[in-house]
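> Here's a structure for you.
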Amino acid sequence: MFAALLLLAKMIVASGDWVAFDRGPSCEAVARSALVPRTGEPQPHVALSFDRGRGRKGEFSVALRRPSRAGSTVVLTIGDQPFLLSARGASAWSRGPVQEQAIIAAMRAANGMRVEARDGAGRRMVDRYLLNGAPTAIDAAAAACLRKANVRP
């Protein structure tokens with residue numbers, strides 16, 4: 001599924017462990033988790049999303065390998081700075097523009113991050129992500145979505 005989603009977009013830049021895509025109405029900086037999932041589990045990944053013209057300006061989202069337990073927390077930790085995310089099922093995302101800017105700032109200063117959650121059976125899930133290339137991919141996605149929707153390269 002992850003690979004299929006990537007095929008529907010135009011790659012802007014690949015840098016380190018991150019890739020920036022132009023999806024038409026939106027642009028994203030994306031990275032896969034460092035851990036290879038077990039057979040049958042999807043590849044966990046994170047994205048920072050920007051909309052063309054208005055809307056999202058760095059919304060952080062994560063696709064977990066298994067749905068999180070209802071009512072449990074999903075925590076993103078960048079360096080030593082934790083961020084509590086909103087979650088539903090196998091997805092979690094940032095809680096608003098102030099948190100999104102803090103997440104982006106932390107990503108620029110750290111080498112790695114992790115996402116922690118509990119699945120429906122109460123098992124702990126931890127996915128780690130490298131931040132090598134993240135600033136370049138974030139900047140490229142943000143810049144691409146500053147252009148008008150009908151002025152794509």
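The values are calculated or read from the model by the stated rules, or taken from the named source; none is laboratory data. Bear in mind that the values here come from a model prediction, so they are computed numbers and not experimental data. Note that each Cβ is placed from the backbone with ideal geometry, even for glycine, and that neighbours are counted across all protein chains shown. Please note that ligands, DNA and RNA were not included when accessible areas were found on the heavy atoms of the full protein model with its side chains. Shrake-Rupley method; radii C 1.70, N 1.55, O 1.52, S 1.80 Å.
> May I ask for the angle, rounded to the nearest 10°, between helix 97-109 and the longest principal axis of the chain, with both axes built from Cα atoms and the value confined to 0 to 90°?
Relative to the chain, helix 97-109 is tipped by roughly 90 degrees.
> Something else now. Using only the alpha carbons of the range 60-124, determine the length spanned along each of the three principal axes and report them from longest to shortest in whole angstroms.
Principal extents (Cα only, largest first): 35, 22, 15 Å.
> Residues with beta-carbon under 13 Å from that of A63, excluding A63: net charge, scoring Lys, Arg +1 and Asp, Glu -1?
Values: positive: R32, R65, R66, R88; negative: E28, E41, D127.
Here the count lands on +1.
> Which order do L146, L85 take by accessible area at a 1.4 Å probe, largest first? Walk me through the intermediate numbers first.
Values: L146 150, L85 5 Å².
So, going from the largest accessible area down, we get L146, L85.
> While we're looking at this one, here's another question. Out of the total accessible area of the range 8-153 (probe 1.4 Å, heavy atoms of protein only), what percent is carbon and sulfur? Before the final figure, lay out the partial values.
Details: 3990 of 7550 Å².
Here carbon and sulfur together make up 53 percent of the probe-accessible area.
> Please compute the per residue accessible area over the chain with all protein chains in place, 1.4 Å probe, rounded to a whole number of Å².
53 Å²
> If eta is 1.567 mPa s and T is 4 °C, what Stokes-Einstein diffusion coefficient results for the chain, Kirkwood Rh from Cα pairs, in µm²/s? Intermediate results must be reported in sequence, preceding the final value.
Working: Rh = 15.6 Å.
Rounded, D is 83 µm²/s.
> Could you give the distance between the Cα centres of the range 28-62 and the range 96-137, to the whole Å?
10 Å
> Another question, then. Net charge within 12 Å of R114 by Cβ-Cβ distance, Lys/Arg positive one each and Asp/Glu negative one each, not counting R114 itself?
Once all neighbours under 12 Å are counted, the net charge is -1.
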